[in-house]
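The values are calculated or read from the model by the stated rules, or taken from the named source; none is laboratory data. Bear in mind that the values here come from a model prediction, so they are computed numbers and not experimental data. Here the Cβ is made from the backbone with ideal geometry for all residues, glycine too, and neighbour counts use every protein chain on show.
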Amino acid sequence: MRYFGFKWTQRSSLALEPTTSQSTSCKIRAAKMAVLRLRALVLAVCLVCFYAPAPSWAAAGDFLRCLSASVPSQLLFTPGSPSFSSVLVSSIRNPKFLTPGTVRPLCIVTPTNASHVQAAVLCGRRHGVRVRVRSGGHDYEGLSFRSVQPEAFAVVDLANLRSVRVNRASATAWVDSGATVGELYHAVAKASGDRLAFPAGLCPTIGIGGHFSGGGFGLLQRKYGIAVDHVIDAVLVDAQGRFLDKKAMGREVFWAIRGGGGESFGIVLSWRVRLVPVPPKVTTFIVPVSVNDGAVDVLTKWQEIGPALPETCSSGWWSRTGWPPSSPCTSARATRSSR
Ligand SMILES: Cc1cc2nc3c(=O)[nH]c(=O)nc-3n(C[C@H](O)[C@H](O)[C@H](O)COP(=O)(O)OP(=O)(O)OC[C@H]3O[C@@H](n4cnc5c(N)ncnc54)[C@H](O)[C@@H]3O)c2cc1C
């Protein structure tokens with residue numbers, strides 16, 4: 001206030017004493033300036049609150065050095081690596097996240113064993129670098145491989161940790177997070193002579209890690225429920241880098257990782273699941289019907305009779321334009337297997 005008052009005095013130096021009207025206008029002007037200063041102050045506070053700081057490259061360098069001490073260099077991809085882009089896009093399903101504006105990771109780690117995952121978590125914590133985990137890359141917002149704001153982050157891509165071990169006698173299996181649901185279905189059917197299955201999602205390229213973290217519904221759910229109803233154990237790397245099984249993580253965390261949202265409670269490396277019996281033969285059919293052919297009536301009828309069908313019978317309704325459908329599942333599968 002004093003500063004602006006002084007400026008007025010300077011500018012009004014032709015008048016020895018300000019008149020009353022000059023004095024009033026001075027006060028009004030000073031008040032206006034005060035409002036402007038207040039606005040500037042609020043704007044500055046907002047900028048401080050919401051501005052995302054540029055990545056700390058010093059921390060990023062320390063993080064990379066930390067990782068290099070525990071993870072073989074061929075499993076680390078930085079933007080300078082020739083394969084960085086192909087590894088990054090290998091499981092991106094939504095082309096909207098392939099634009100140059102997408103905030104990319106400072107590195108991608110592709111662990112081949114659990115200790116590499118542990119190293120990424122520990123190095124990230126030590127050097128303040130956020131670690132995102134990707135299994136099948138089907139996240140609707142792409143948050144397993146991109147950031148919505150500029151920040152230094154790394155991606156732990158579990159594509160190399162994808163084995164499925166089926167125990168037919170106990171009707172159980174251990175499946176790694178990097179496997180797809182299609183790989184799980186195939187391994188279970190093969191090991192059991194088509195007598196066992198697992199109730200999870202439709203699209204075969206969905207990753208086990210993200211799918212189980214969100215619940216996992218599919219065509220067997222009327223009879224058997226959703227995927228996480230059949231998870232009986234898991235191995236988690238928590239924020240301290242500890243390996244925890246169901247007993248060690250405790251009931252609460254074990255409950256939370258089964259549907260409580262991916263990436264919230266740690267990185268789940270593998271899941272033990274209970275398999276379900278199925279008949280060796282399954283009948284499927286599709287009834288394509290256009291709006292001009294009475295699709296609205298068919299949909300109405302389907303809603304009436306659907307709930308009354310036996311629970312061994314699943315039905316779904318897809319509304320779409322054009323035929324045959326172009327599936328993000330099939331194209332993505334081809335991309336990933338070419339890695
Ligand atoms: C084409 C398509 C079809 C779909 N069909 C179905 C369906 O039939 N039924 C259904 O229920 N859902 C379906 N979904 C939704 C799908 O299950 C979720 O998007 C799921 O999160 C994808 O898992 P992901 O591993 O492929 O994805 P990712 O992008 O790898 O991961 C998704 C989220 O989980 C986190 N995450 C990944 N791996 C781990 C891990 N190991 N530990 C902890 N957190 C992890 C990621 O950080 C991210 O936040 C479909 C999605 C798409 C795009």
Note to self: Tell me whether region 173-181 contains one or more residues that are surrounded by fewer than 15 Cβ atoms within 10 Å (Cβ to Cβ) and either in contact (Cβ under 8 Å) with a residue 40 or more places away in the chain or farther than 19 Å from G241 by Cα (or both).
What the structure shows: no
Item checked: Sole residue being surrounded by 10 or more Cβ atoms within 10 Å (Cβ to Cβ), within 14 Å of the ligand (Cβ to nearest atom), outside any loop (DSSP other than H, G, I, E, B) and not β-branched (V, I, T), chosen from W302, W255, W271 -> W271
Check: List, please: which pairs have Cβ atoms under 7 Å, are six or more places apart or on different chains, and start with a residue in region 208-223 that is farther than 11 Å from G260 by Cα and among the aliphatic types (A, V, I, L, M) and end with one that is in a helix (DSSP H, G or I) and more than 6 Å from the ligand (Cβ to nearest atom)?
Finding: I208/V181; I208/L184
Note to self: Name the residue that is farthest from the ligand (Cβ to nearest atom), counting only residues in region 216-243 that are out of contact with any Gly (no Cβ under 7 Å at 6 or more places or on another chain) and at positive phi.
What the structure shows: G241
Note to self: Quick check on my filter: what residues within region 149-168 are assigned to a strand (DSSP E or B) and over 16 Å from I232 (Cα atoms)?
What the structure shows: F153, A154, V155, V156, D157
Check: Among the numbered criteria (1) more than 12 Å from the ligand (Cβ to nearest atom); (2) modelled with pLDDT of 95 or more; (3) over 25 Å from Q74 (Cα atoms), which single criterion is violated by S213?
Finding: (1)
Check: From the residues in region 305-323 that are within 16 Å of the ligand (Cβ to nearest atom) and loosely packed, with under 10 Cβ neighbours inside 10 Å, which one is modelled with the lowest pLDDT?
Finding: R320
Check: Could you give every pair whose Cβ atoms fall below 8 Å, whose first residue belongs to region 190-204 and is at positive phi and of a type outside the set (G, A, S), and whose second residue is assigned to a loop (DSSP other than H, G, I, E, B) and more than 16 Å from the ligand (Cβ to nearest atom), counting only separations of at least 6 or pairs across chains?
Finding: D194/V278; D194/P280
Margin query: Filter region 45-100 down to the residues that are among the polar types (S, T, N, Q), outside any helix (DSSP H, G or I), surrounded by 12 or more Cβ atoms within 10 Å (Cβ to Cβ) and modelled with pLDDT of 85 or more and list them by number.
Written below: S70, T78, S81, S83, S90, S91, N94
Next item on the list: Mind counting the residues in region 105-128 that are part of a loop (DSSP other than H, G, I, E, B), within 15 Å of the ligand (Cβ to nearest atom), over 15 Å from the mean Cα position of the chain (by Cα) and buried (at least 19 other Cβ atoms within 10 Å of the Cβ)?
Entry: 2
Next item on the list: Would you be able to say whether some residue in region 90-99 is away from the ligand (no atom under 15 Å from the Cβ) and over 16 Å from the mean Cα position of the chain (by Cα)?
Entry: yes
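Rundown of residues vs (1) touching a helix residue (DSSP H, G or I) at 6+ places or on another chain (Cβ under 8 Å); (2) assigned to a helix (DSSP H, G or I); (3) not assigned by TED's automatic domain parsing to the domain that holds V228, yes/no style:
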site	(1), (2), (3)
S170	no, no, no
G182	yes, yes, no
Y185	no, yes, no
K190	no, yes, no
A200	yes, no, no
P204	yes, no, no
Item checked: Lone unmet requirement of (1) assigned to a helix (DSSP H, G or I); (2) farther than 22 Å from V131 by Cβ for A248 -> (2)
